Structures are given as C-alpha cells and as structure tokens.
Amino acid sequence: MITHYRYDYEEYGSNGRLYLREFITVKKTPKGSWVVEHPYGDKQRFILDQGTKRFAYPDTDLALKSLIKRKKRQIAILTYQLEDAKHALELALEQESVK
C-alpha cells in the first residue's frame, strides 16, 4: 500500500514535466517510517512523522507544496549566484579597462 508521496521535476531539453513518486512503508518506528520507492525501489529512506522538511509526505497535497517550496528556494539560490557572477564579471571588466 502506498503510504508516502514526493513530487519531482524532470527536464527534457527545453521542456519538462512533474511526476509523482510513490513510496511504501517497509518498517514503522515510533519516530517515523522506513520507506522504499514503489514499484522499483530498493534503497530504503527514513522519513520522520513530524517535521517541516521531509523527503516524502503522507498525501499528495503536502508533496506538491513541498515541491513548490523546494523550487522557490532553488530559484532564490540561483538568482543570488547569477547576481554574484554578474558582479564578478563587472569587476573583471573594470580591471581590464584599467590596464
């Protein structure tokens, strides 16, 4: 029985798609669950029952919200890196014009 879900994004050239990964609990502990991806997974992962940042969630709505949050964070990080690279290029071009 499927117990946890995680949305991920896969890129195909200039296009991409969202896909839903499904997990089955193989062992339950007082703090969480050991899960394996359904139907082909062999790597077990531990997922806490409580917590704000989990690998997978017990319902698809929470899994989708998690993907949105992860992608917003990724955009923020990459935006900072882009601005940093632009600034470094600007400094290098200024240095080049001084010589």
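What about residue 76, is it assigned to a helix (DSSP H, G or I), touching a Lys or Arg at 6+ places or on another chain (Cβ under 9 Å) and of a type outside the set (Ser, Thr, Tyr)? Against the criterion (assigned to a helix (DSSP H, G or I), touching a Lys or Arg at 6+ places or on another chain (Cβ under 9 Å) and of a type outside the set (Ser, Thr, Tyr)), residue 76 does not qualify.
Return the pairs, sorted by first residue and then second, in which the second residue is aliphatic (A, V, I, L, M) and in a loop (DSSP other than H, G, I, E, B), the first residue lies in region 37-55 and is within 13 Å of residue 3 (Cβ to Cβ), the beta carbons are less than 7 Å apart, and the residues are 6+ apart or on different chains. Pairs found: 47/56. For region 34-44, filtering for residues that are in a loop (DSSP other than H, G, I, E, B) and surrounded by 10 or more Cβ atoms within 10 Å (Cβ to Cβ) leaves 2. Against the definition (in contact with a strand residue (DSSP E or B) (Cβ under 9 Å, 6 or more places away or on another chain) and at pLDDT 95 or above), how does residue 20 come out, yes or no? The answer is yes for residue 20. When region 45-65 is limited to residues that are assigned to a loop (DSSP other than H, G, I, E, B) and surrounded by 13 or more Cβ atoms within 10 Å (Cβ to Cβ), the one that is nearest to the chain's Cα centre (by Cα) turns out to be 55.
Among the residues examined, residue 17 does not qualify as surrounded by 14 or more Cβ atoms within 10 Å (Cβ to Cβ) and among the charged types (D, E, K, R). All of 65, 31 fail the test of being of a type in the set (D, E, K, R), closer than 12 Å to residue 6 by Cα and out of contact with any Gly (no Cβ under 9 Å at 6 or more places or on another chain), apart from 65.
The values are calculated or read from the model by the stated rules, or taken from the named source; none is laboratory data. Given the structure is predicted, the values throughout are model-derived calculations rather than measurements. Here the Cβ is made from the backbone with ideal geometry for all residues, glycine too, and neighbour counts use every protein chain on show.
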